[in-house]
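What follows is calculated from the coordinates using simple rules that are stated; it is not laboratory data. Owing to the predicted nature of the structure, the values given are computational and were not obtained by experimental measurement. We place every Cβ from the backbone using ideal geometry, glycine too, and count neighbours over all the protein chains shown.
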């Protein structure tokens, strides 16, 4: 038996469905694999990569497998190693995130050519005090009363508009389209050697269009590209893929338009069907879920309109199905108590369950009471870092927020440039270690449970020695940087965050945070406005972001799905949910 036949038998021994098998071994080098939730999309993408890589017929170049999360990339690596094809993960192939692909093969080697800069561009981590005062890095947006407000270059987002490039402010600065009077601040930003997350792929596209021969070389370097989670591909990534395809690259798209929930980063649910038509490529389905039982799949099918979505088998018991519950409390205490009782009836542990919230407002309502939102500037950033560490247990996010705040606080450009120019050097490593120690310990960053007065005083006390440890020589007056502005006397006497202890210890997340996961039982929470918009979209046959968010949340559930509907929505629309297959608790 040849190596090719052995690999085929090895993949088939893992019992793929007929649809998965057809996608893995397809002769076409381009198609849209439209994958339902829980249908083994990442598993199939990985086996397709292994099969194509092992049967490579191009004389030069390699195969790229791209996704959007490090979790998916780790799965790709583990699966490839497990079948004994570790060599496929090395040059000339590439397995990584889209961001890392763009930086490694376009921006880092060629970015300095765009504006004749002597410095290779790098990701802008945080503004220094002097950056705010650089007039060349400012656009302007109109605010109330006809006045204009400056928008810094790192808060400007490029977007295509009728064949041209337009610019808008980030949501933090109002999100309006901008006009530039004294030059292009984004171009000046690039010239100085920086770009933001939102500008990364625009910069890559600008490089390729300015130097088409680079795109020719990249297409020869990667004759085939497989894009996992393609529904999350924003408009600039689509432009980049389209340009490479024009240069000869064959592109396979793997995704589900009904799971596109990143419109805020310019992802478009219509992009995959539109690209399929534009490129004239076939579509292959993955419709069977390995996650949701039949009862859940039958109900949730109405939420998305995906008529081909099917479950993986019968329910464990009568309580393992789809349910709705009426909620009268703004803190959702009623439906959370009902969910807890339902888990017991269904025989599902709380540890394997989750409460999924449409927005952070609902998440904060069930976790506790936030009292720090009135704070301003750097003080609020530090409080948010403490919240992420103490409440969400997200130490990485807390670290990033604190680093951002300190960069904005300290006006020592030479110090920051030295760290950024050698990110793996001894000085940078020591800096990160000291900052990590401060972030992790409540002896450094005070607990978010402290009252406002104590928390602010402790923060100022603890920051001074930290800045010295970091090697900063020009330490500012911390009383001018860390202030009580925004909190009244009553708030200063309260904890910055009052933890809610009435609810069960069930995992609590926003919908965006669990995309791609499988969870035994799910309670979905949202506002009346959110669920009204979902019902309106379903009745009107519209594929809105709110409808897609509801679909993603509900299809995380393996065994039990409960939707907590605010009383006003429940009273008006319960019969519709029941007609879709949901039962009441």
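Determine, for 250, 460, the number of other Cβ atoms within 10 Å of each Cβ, and report the residues in order from fewest to most.
By the 10 Å Cβ count, ascending, the order reads 460, 250.
Compute the Kirkwood hydrodynamic radius of the range 122-192, taking the inverse of the mean of 1/r over all pairs of distinct Cα atoms, and give it in Å to one decimal.
After inverting the mean inverse Cα-Cα distance, the result is 12.6 Å.
Antiparallel as a % of all DSSP beta bridges within the chain, to the nearest 5?
Details: 18 of 63 bridges.
Here the share of antiparallel DSSP bridges comes out near 30 percent.
Once you place label points 7 Å from the Cα toward the Cβ at residue 308 and residue 97, how far apart are they in nm?
Label-label distance for residue 308 and residue 97, simple model: 3.1 nm.
Could you sort the peptides 17-27, 534-544 by per-residue average Cβ neighbour count (10 Å cutoff), highest mean leading?
Descending packing order for the listed peptides: 17-27, 534-544.
For Cα pairs less than 8 Å apart in space and 6+ apart in sequence, what is the mean separation divided by the residue count of the chain, i.e. the relative contact order in percent? Working shown, then result.
Details: 1000 pairs, mean separation 100.8, N = 585.
Answer for the chain is 17 percent.
Quick one: order 408, 424, 469 by neighbouring beta-carbon count within 10 Å, fewest to most.
By the 10 Å Cβ count, ascending, the order reads 424, 469, 408.
For the range 161-200 and the range 103-147, compute the distance between their C-alpha centroids and round to whole Å.
8 Å
Rounded, prolate or oblate: pick one for the range 1-148, where a ≥ b ≥ c are the square roots of the eigenvalues of its C-alpha gyration tensor, a/c under 1.5 means rounded, and failing that, prolate if a/b is larger than b/c, else oblate.
Note, shape of the range 1-148 comes out prolate.
With runs of 4+ DSSP H residues as the only contributors, calculate the mean residue ellipticity of the chain at 222 nm using -39,500 (n - 2.57) per run, divided by the residue total and rounded to the nearest 500. Present the calculation step by step, with values, prior to reporting the outcome.
Numbers: 24 runs with 250 residues, N = 585.
Calculated at 222 nm, the ellipticity per residue is -12500 deg cm²/dmol.
In µm²/s, what is D for the range 336-471 at 25 °C and 0.890 mPa s, where D = kT/(6 pi eta Rh) by Stokes-Einstein and Rh is the Kirkwood radius from Cα pairs?
After rounding, the answer is 143 µm²/s.
If you rank 580, 154 by fewest surrounding Cβ atoms within 10 Å, what's the result? Intermediate results must be reported in sequence, preceding the final value.
Numbers: 580 17, 154 21.
The order, fewest Cβ neighbours first, is 580, 154.
Pick the calculated Cα extents along the principal axes in Å for this structure from (1) 141, 56, 45; (2) 70, 62, 49; (3) 81, 64, 52?
Recomputing Cα extents along the principal axes in Å here picks out (2).
Classify the range 20-88 as rounded, prolate or oblate from the Cα gyration tensor: take a ≥ b ≥ c as the square roots of its eigenvalues, call it rounded if a/c is under 1.5, otherwise prolate when a/b beats b/c and oblate if not.
Oblate.
Would you please classify the overall shape of the range 1-48 from the alpha carbon gyration tensor, given that a ≥ b ≥ c denote the square roots of the eigenvalues, rounded means a/c under 1.5, and beyond that prolate means a/b larger than b/c while oblate covers the rest?
oblate
What percent do you get for the relative contact order of the range 1-120 when only Cα pairs under 8 Å and 6+ apart count?
Averaging sequence separation for qualifying contacts and normalising by length gives 21 percent for the range 1-120.
So how far apart, in nm, are the two label points at residue 583 and residue 411 if each is 7 Å from Cα heading toward Cβ?
For the pair residue 583/residue 411, the computed spacing is 6.7 nm.
Which peptide among 556-568, 390-402 comes first, and what is the full order, when sorted by highest mean count of other Cβ atoms within 10 Å?
The densest-packed peptide leads the list: 556-568, 390-402.
Please work out the C-alpha center-to-center distance from the range 400-452 to the range 516-548 and express it in whole Å.
Result: 39 Å between the Cα centres.
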